[in-house]
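Single-structure report; data block below.
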2 protein chains.
Amino acid sequence: MPNEIPSPYTSLEHTFAGIGKLKEVQAIAHWDEACMMPSGGGAGRGEALATLTSLIHAQSTHPSIGEEINKAEAQNDLSTWQVANLREMKRTWIEATAVPADLIHAQALATSVCEQTWRKARSANDWPAVAGLLGEVVNLSRQHAQALGSAMDLAPYDALLETYESDLRTSYVTPLFEDLKAYLPTLLDKVLGVQSAPLPLTGPFPTTDQSLLCSDAMQLLGFDFDRGRFDVSHHPFCGGVPDDTRITTRYENNSFLESFMAICHETGHALYQQGLPVDWRNQPVGYALGAAIHESQSLLMELQVCRSRPFVDHIAPDMRARFGRSETDPAWQSENLYRHATLVERGYIRVDADEVTYPLHVILRYEIEVQLINGTLSVEDIPEAWNDAMQRYLGLTTLGNFADGCMQDVHWFAGLFGYFPTYTLGALGAAQWFATALDQEPGINGGIAAGDIKPLLGWLRTNIHGKGRLMSMQPLMESVTGATLDASFLKRHLERRYLGER
Amino acid sequence: MPNEIPSPYTSLEHTFAGIGKLKEVQAIAHWDEACMMPSGGGAGRGEALATLTSLIHAQSTHPSIGEEINKAEAQNDLSTWQVANLREMKRTWIEATAVPADLIHAQALATSVCEQTWRKARSANDWPAVAGLLGEVVNLSRQHAQALGSAMDLAPYDALLETYESDLRTSYVTPLFEDLKAYLPTLLDKVLGVQSAPLPLTGPFPTTDQSLLCSDAMQLLGFDFDRGRFDVSHHPFCGGVPDDTRITTRYENNSFLESFMAICHETGHALYQQGLPVDWRNQPVGYALGAAIHESQSLLMELQVCRSRPFVDHIAPDMRARFGRSETDPAWQSENLYRHATLVERGYIRVDADEVTYPLHVILRYEIEVQLINGTLSVEDIPEAWNDAMQRYLGLTTLGNFADGCMQDVHWFAGLFGYFPTYTLGALGAAQWFATALDQEPGINGGIAAGDIKPLLGWLRTNIHGKGRLMSMQPLMESVTGATLDASFLKRHLERRYLGER
């Protein structure tokens, strides 16, 4: 039997599988760098990963891919999944080839210097030391956004959004955020008026006990330990690959709830990754959707499940047992633990924020970065714009306090623009998925209260995880929940949890 | 200033650096597979590593490399190191291109089936179950050796030796082994006649204590923990890269000396790797020499240093402290610990053998595999040849006992021919290096007794580690010790340790 010549589509599958496998090696090497590598290995690892990255980039932008995509689009023998795979290949290819290599190189150099300078300048509260470098990063990011935009036929900032989540547009995000901006400050006042201060949870909390508690939670939430690991790193993250998913946290000796909730959050990311469609490993359609949907999965686990009263009630005895605390101690009763898990406070720092105030931190950044990319705000005016918004949204001033203001996050200094909104879109998505799941699958709430995640996880596997990139964000949302992303679900959730249950 | 066109040599350095960096990623992914990967990640990792390996192979065999080597050989502006680097590039390239891809593929398939079958057949002592498959592996290995031999202008078995250590030839190895074969059985009788049985060391030995003791030894021996790690795996090994060298061991609950000595051994490999020349990272001349010299470094640490009386005397208090044993217990006094470290026994199993009997296990295998590759012995006659040699060398019979005879090692079933002799050549080298070092650097023995490895490590760094592949094995031996590899050093060492010191 003679060898058949593969169709253009089949040939593309082969090419992308090869690239995907190299990305798997890259993912493990990145995880190793964060979790295992001794300091002396850093320079060599940086070079080794840069070589692998260039190689992946060269393979991903090879002109033959563009030609094969054109030919494959003329094929009329493709299944629904194959059509979606081809669409994702094209998206990937356009994005990979849109920006000139010398601009990418200039960005790598500028962000590297800017980020390193920022680390020192932040602790010294020294905005002028980094403002000029940030100006250059913004300048290059605008060029990047313009190049992407002209390849994608999108406005520059929309092109950046598109790289983080297909379908995201300012025309869609801005009204959602306007709505939340008008709603949340009033809600915040009400919540602060009714909530009671929790009794303190006094440490120390030995690392080994915290680690065991985190493993318990991962087990409860359905993490597959045969296809993943759990380790310590400087910042919590979810890495690895679908069949070897690796999450991390970090510990402090005098508190445990942050670390615990970080693991609940990362487990949400991990469950998504472990649940991706087995038949489409290393194909673009088999990957997870973008940052907003990924965050909707982590926040569904963290905010909707793990900070809920039924889950806290279920895990409270285990928390007491792990730390040797007594049920007769009021601080360790589930009522008080739940108060800690749902404590709302006005604060300066986004990463420390609760679910009521978090969106306001994000909206503030979104509004500034849209203007930076559109050229309607200059870098030197960031501190004033920041202070102004903080006063309006949270009633706090950051005048002269750059470290807790516009210098608190690495994103801009590292050249990340368009990423911030995905955090809040994820929170909106989490509320919308969870409300829909509760409607469609009556066993979910009882399951959580009894330590059985299967009803919820089964629903997520079927409706979200197992679909990979078959549909992009909005069609998926619509097909599962009956509506595109909508703020009403989050509002209802917050009102029930913070105004209704007490 | 216009860009200069790089010389052929410079262009080769660039190519090999790129390949070297990919090999670094590969090394870390291999380590991860052995030490960190959950079982479910195996299939995907296998595919990912196969993709990376093919890519490295494709880059290493690119015809342009051969052309550049020819041109570079005409350059007369190269330094001594550059000339050596070019020589190693050529060696690497000839080896990489000598064997047809379809033969390599057939070998991969045949050895995979044979090795898997061997794992089961060995526990069942079922030689006939695997003999046929081994026949096919031998057949393909002969073709491989012939292809290599014609590219290298060497006899087939010599070509295999050359791939493990440049300069190794049967014309050189056979007389050395004939000498040892005549000498060791008589020595063994004498040693068994004079040695006293040690008092037993009774466990349990908790893993955490064993692990701390191993770290102590690594520290004593000069392992650089800023550029390396120490973990647990199924079999002890040394992996990673020069600036991130990773060694492993495994533990048993009721004994600790095997695991401890395994770490001393792997630390010897690690010190070599960590000491390779910094200026030649990722260039062929910057790599370690072959398996025999690598083993000479591990065995120098294990046999010459760590099983010596001064080292045992120095580490004994730490061993007692780690396991909570008393100095007044005769079993835990250094005299008895030293007896354990130097216990000689006739046995069936190579990996359990002591330094007196180990070479006989190797010589037996060498004699058989030379004949297998030359076609003068057939696979079906292996058990008889094995039994015959065991009787002559060690006075033991393996008639009908395949599991403890010719089925005990994975090597042949995995297609490794030409590797066995490097173990004993390493032991010979270790004795020769160490005797020379003691002559040239008077502080070494006092240093070991006082827990100061610096005099020895400094000598190794200067004379061996830091030279990379500047010279191949025999010229290096000769330039440092005044002689090519010579059995007299090992003989003198064994006589002193086993007949003189008691």
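Couple of notes before you dig in:
- Test: residue in the stretch B:80-91 that is surrounded by fewer than 17 Cβ atoms within 10 Å (Cβ to Cβ) and over 24 Å from B:Asp158 (Cβ atoms): yes
- Within the stretch A:362-385, residues that are under 18 Å from A:Met407 (Cβ atoms) reach partners that are open to solvent by 10 Å² or more (accessible area, probe 1.4 Å) and among the polar types (S, T, N, Q) with beta carbons closer than 7 Å, at six or more positions or on different chains, in the pairs A:Leu377/A:Gln371.
- Of all residue pairs spaced 6 or more apart or on separate chains, those with beta-carbon atoms under 8 Å, a first member in the stretch B:232-245 that is within 13 Å of chain A (Cβ to nearest Cβ) and under 10 Å from B:Ala270 (Cα atoms) and a second member that is part of a loop (DSSP other than H, G, I, E, B) and of a type in the set (A, V, I, L, M) are B:Pro242/B:Leu276; B:Asp244/A:Met37.
- Candidates are the residues of the stretch B:14-56 that are of a type in the set (Asp, Glu) and surrounded by fewer than 20 Cβ atoms within 10 Å (Cβ to Cβ); the one that is nearest to the other protein chains (Cβ to nearest Cβ) is B:Glu47.
- Residue among A:Ala84, A:Ala96, A:Ala151, A:Ala147 that alone is in contact with an Asp or Glu (Cβ under 9 Å, 6 or more places away or on another chain), within 30 Å of A:Ser171 (Cα to Cα) and in contact (Cβ under 8 Å) with a residue 24 or more places away in the chain: A:Ala151
- Here the stretch B:208-231 is the region considered, the condition is being more than 14 Å from chain A (Cβ to nearest Cβ) and touching a strand residue (DSSP E or B) at 6+ places or on another chain (Cβ under 9 Å), and the residue that is farthest from B:Lys23 (Cα to Cα) is B:Gln210.
- Test: residue in the stretch A:177-196 that is at positive phi, out of contact with any strand residue (DSSP E or B) (no Cβ under 9 Å at 6 or more places or on another chain), in contact (Cβ under 8 Å) with a residue 24 or more places away in the chain and surrounded by 15 or more Cβ atoms within 10 Å (Cβ to Cβ): no
- Positions within the stretch B:487-502 being at pLDDT 95 or above and either open to solvent by 20 Å² or more (accessible area, probe 1.4 Å) or under 30 Å from B:Asp243 (Cα atoms) (or both), in sequence order: B:Ser488, B:Phe489, B:Lys491, B:Arg492, B:His493, B:Glu495, B:Arg496, B:Leu499
- Selection of the stretch A:210-235 for residues being outside any helix (DSSP H, G or I) and open to solvent by 40 Å² or more (accessible area, probe 1.4 Å) yields A:Asp224, A:Arg229, A:Val232, A:His234, A:His235.
- Positions within the stretch A:89-113 being within 14 Å of A:Asn139 (Cβ to Cβ) and over 23 Å from the mean Cα position of the chain (by Cα), in sequence order: A:Leu103, A:Ala106, A:Leu109, A:Ala110, A:Val113
- Some residue of the stretch B:450-469 being open to solvent by 50 Å² or more (accessible area, probe 1.4 Å), aliphatic (A, V, I, L, M) and not in a helix (DSSP H, G or I): yes
- In the stretch B:198-207, the residues that are more than 25 Å from B:Asp32 (Cα to Cα) and either within 14 Å of chain A (Cβ to nearest Cβ) or without any contact (Cβ under 8 Å) to a residue 60 or more places away in the chain (or both): B:Gly203, B:Pro204
- Selection count, the stretch B:333-355, where residues are among the aromatic types (Phe, Trp, Tyr) and buried (at least 19 other Cβ atoms within 10 Å of the Cβ): 1
- Total residues in the stretch B:293-320 satisfying the condition of being aliphatic (A, V, I, L, M) and either at pLDDT below 95 or under 21 Å from B:Asn85 (Cβ atoms) (or both): the figure is 1.
- For the stretch A:416-434, the criterion of being free of Cβ contacts under 8 Å to residues at least 24 places away in the same chain and surrounded by 15 or more Cβ atoms within 10 Å (Cβ to Cβ) is satisfied by at least one residue.
- A:Lys71 being more than 9 Å from chain B (Cβ to nearest Cβ) and either within 22 Å of A:Gly240 (Cα to Cα) or surrounded by fewer than 16 Cβ atoms within 10 Å (Cβ to Cβ) (or both): yes
- Here B:Asp158 meets each of (1) farther than 19 Å from B:Phe420 by Cα; (2) crowded, with 22+ Cβ neighbours inside 10 Å; (3) among the charged types (D, E, K, R) with one exception, condition (1).
- Looking across the stretch A:19-36, the residues that are in a helix (DSSP H, G or I) and farther than 15 Å from B:Leu22 by Cα come down to A:Gly20, A:Trp31, A:Asp32, A:Glu33, A:Ala34, A:Cys35.
- Considered as a group, the residues in the stretch B:246-266 that are closer than 22 Å to B:His30 by Cα and assigned to a strand (DSSP E or B) include one that is farthest from the other protein chains (Cβ to nearest Cβ), and that residue is B:Thr249.
The values are calculated or read from the model by the stated rules, or taken from the named source; none is laboratory data. Treat the numbers as computed from the prediction; the structure is a model and nothing was measured. Cβ sites come from the backbone with ideal geometry, for glycine too, and all protein chains shown count toward neighbours. SASA here: full protein model, heavy atoms, side chains in, ligands and nucleic acids out. Shrake-Rupley method; radii C 1.70, N 1.55, O 1.52, S 1.80 Å.
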